[in-house]
1. May I ask you to list the residues in the range 21-36 that are under 13 Å from R5 (Cα atoms) and either touching a residue at least 60 places away in the same chain (Cβ under 8 Å) or of a type in the set (D, E, K, R) (or both)?
2. Taking the range 1-13 as the search range and keeping residues that are assigned to a helix (DSSP H, G or I) and under 19 Å from the mean Cα position of the chain (by Cα), which one is surrounded by the fewest Cβ atoms within 10 Å (Cβ to Cβ)?
Amino acid sequence: MDEPRCDDALSELYSFIDGELDEAKRASIEAHLNDCSPCLEAFDFESDLRKVIASRCKDRVPEDLRLRIMAALEQVDDQHAVESSEAT
């Protein structure tokens, strides 16, 4: 596979970070990052930014809210099951 240009590599950066590329595309982007310091800097920045966001965004839902949501979802499931059985 041809080595990607910077525009191509940067357009695939999030998919590369998320591990969503096939092996050939991943290897091509990785080779480009190894040879292109501006793209490598962009990769490092985006990767570090994702780590910071992940470490800071760990708000927990209050237990009573979680329980109310679960109860509402179960009620919808039960209602859906009743409607489905009445339709048949």
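The values are calculated or read from the model by the stated rules, or taken from the named source; none is laboratory data. Given the structure is predicted, the values throughout are model-derived calculations rather than measurements. Cβ coordinates were reconstructed from backbone atoms using ideal geometry, including for glycine residues, and neighbour counts include every protein chain displayed.
1. Passing the criteria: K25, E30, D35.
2. Step by step, filter the range 1-13, then rank; the result is S11.
Condition check ((1) in contact (Cβ under 8 Å) with a residue 24 or more places away in the chain; (2) in the same structural domain as A9 (by TED's automatic domain parsing); (3) under 30 Å from S11 (Cα atoms)) across all residues:
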{"residue": "P38", "(1), (2), (3)": "yes, yes, yes"}
{"residue": "E41", "(1), (2), (3)": "no, yes, yes"}
{"residue": "D48", "(1), (2), (3)": "no, yes, yes"}
{"residue": "V52", "(1), (2), (3)": "no, yes, yes"}
{"residue": "L65", "(1), (2), (3)": "no, no, no"}
{"residue": "Q75", "(1), (2), (3)": "no, no, no"}
{"residue": "D78", "(1), (2), (3)": "no, no, no"}
